[in-house]
Amino acid sequence: MVLLARSRHLLQALVISSVAEIFVAADGSSVGGTFRFGHIHWTSSGNTVTFVIETAFKRNVQNSYFAGSASDNLAQEGDTVTLFGRESPIFDFGDMNIVRMLQMKVTAYSVVEDWIMGETVLVHRYTYPTNNGLPWIAQLQGCCRLAGLANNENSEYLLTAEVDLNAANQSPRAE
C-alpha cells in the first residue's frame, strides 16, 4: 500500500513537471534568459515625465517576438519589437499605474554577437511632484537575465529610477 501511494505521488510529480516544461517551451524561454542590460533615464515638464528605457536582449530566440526586417527575419535597427520573457517585462510608474505590454524601437544590433538594443519611451503624468514627500520609484521588472552569466543567470531583473519633481527636471545621465 505504501509503495502504491509513493508510485502515485511520483507519477503526479512527473506529470506536473512535464506540463510545466511544456508551458516553458511554448513561450520560447526554455532556452534561458535573454535580458543583457538596461537603464532608465527621464526628463520632465511640470508633472509630466518622459521615461526612456534603454535595454539589450539576446536577438535570436525561439519565438517571433524579435522577428524583424533583417535578411535572417530577425530584428534590426529601426524595427519595433515586443519585450517578452518568462515573466513579461512590466513598467511600474510607482503610483499604481503599470504598463504591461512594452514595445522597443531597435537602435543597434549584432548578428555575430547575437544581441539587439533599443529604447522604449513612455510618457506619464504624476498627480503630485512627489509621493508624499518621497521620490516616486519607477521600475522595469521582468525575467530573465541572460543564460550563461556567472552571477544570477536566468534570474529576475529590476531597474529603478527615482523621480522627485521638486528636486530635478531630469535624472542624472552620463553621455
Of the residues in region 137-170, those that are touching a residue at least 40 places away in the same chain (Cβ under 8 Å), surrounded by fewer than 19 Cβ atoms within 10 Å (Cβ to Cβ) and closer than 18 Å to residue 120 by Cα come to 137, 139, 141, 143, 160, 170
**OP:** Examine region 128-149 for a residue that is farther than 24 Å from residue 47 by Cβ, of a type in the set (Phe, Trp, Tyr) and part of a strand (DSSP E or B), and state whether such a residue exists.
**Re:** no
Scanning region 40-72 for residues that are over 22 Å from the mean Cα position of the chain (by Cα) and of a type outside the set (Gly, Ala, Ser), the one farthest from residue 173 (Cα to Cα) turns out to be 72
Taking region 78-121 and keeping residues over 14 Å from the mean Cα position of the chain (by Cα) and either acidic (Asp, Glu) or not assigned by TED's automatic domain parsing to the domain that holds residue 51 (or both) leaves 79, 95, 113, 114
By residue number, the members of region 101-158 that are among the basic types (Lys, Arg) and closer than 21 Å to residue 32 by Cα are 145
- With the condition kept exactly as written, say whether any residue in region 95-105 is acidic (Asp, Glu), exposed (fewer than 15 other Cβ atoms within 10 Å of the Cβ) and in a loop (DSSP other than H, G, I, E, B). no
Counting only residues in region 155-173 that are modelled with pLDDT of 95 or more and part of a loop (DSSP other than H, G, I, E, B), the one nearest to residue 142 (Cα to Cα) is identified as 171
Filtering region 120-130 for residues that are touching a strand residue (DSSP E or B) at 6+ places or on another chain (Cβ under 8 Å) and either of a type in the set (Phe, Trp, Tyr) or surrounded by 14 or more Cβ atoms within 10 Å (Cβ to Cβ) (or both) leaves a count of 5
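The values are calculated or read from the model by the stated rules, or taken from the named source; none is laboratory data. Computed from a predicted model, the values in this text were never measured in an experiment. Don't worry about glycine lacking a Cβ; one is built from the backbone with ideal geometry, like all the others, and counts go over all protein chains shown.
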